[in-house]
Amino acid sequence: MKTDAGKTEAAFSFATMGAECALVLASLHDLAFRGGEVWDEASMAALLSSPGTEALLVLSEQEPVGFILSRTVLDETEILTLAVAPAFRRRGVGRALVQRVQGKGTVFLEVAVCNRNAIALYGKCGFVKAGLRRGYYRDGSDALVLISSSV
């Protein structure tokens, strides 16, 4: 991949993680969602202790730069959250994470109606609107329900 300065970046690597990485995930989530709903280490550990829940971490030169947290039950997968460090946005990290989860059957998620960048990313990955959850977030804002269009 090319950076803004034209330098070639090291290839990204991916690792499936469990509850042992809760602190790393919480730190990345805080960085990505600063000022919004941030999930702490205890929340991440609790989620990762649930059956079918896993985190896929992206590393650049051995440094964590993003992750996707998903839960799979039978042939349905829910994307619980996706976080990419601001310095690594618009470099294909989020798209690569979403595409790796899409192989797990029907995929759905909720996304804040005001999060235009995330909605655009999911649209590029083939998601379509399936519904609206009014007052879904703690601040009272609404969420779009998106589902993989391959269903």
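The values are calculated or read from the model by the stated rules, or taken from the named source; none is laboratory data. Values in this document were obtained by computation on a predicted structure and should not be read as measured data. Here the Cβ is made from the backbone with ideal geometry for all residues, glycine too, and neighbour counts use every protein chain on show.
Within region 7-20, the set of residues being within 18 Å of VAL84 (Cβ to Cβ), of a type outside the set (Phe, Trp, Tyr) and surrounded by 15 or more Cβ atoms within 10 Å (Cβ to Cβ) comprises just one member, MET17.
Of the residues that make up region 21-38, is at least one modelled with pLDDT of 90 or more, among the acidic types (Asp, Glu) and surrounded by 10 or more Cβ atoms within 10 Å (Cβ to Cβ)? The answer is yes; a qualifying residue exists.
Taking the numbered list (1) in contact with a strand residue (DSSP E or B) (Cβ under 8 Å, 6 or more places away or on another chain); (2) loosely packed, with under 15 Cβ neighbours inside 10 Å in turn, LYS124 passes all entries but (1).
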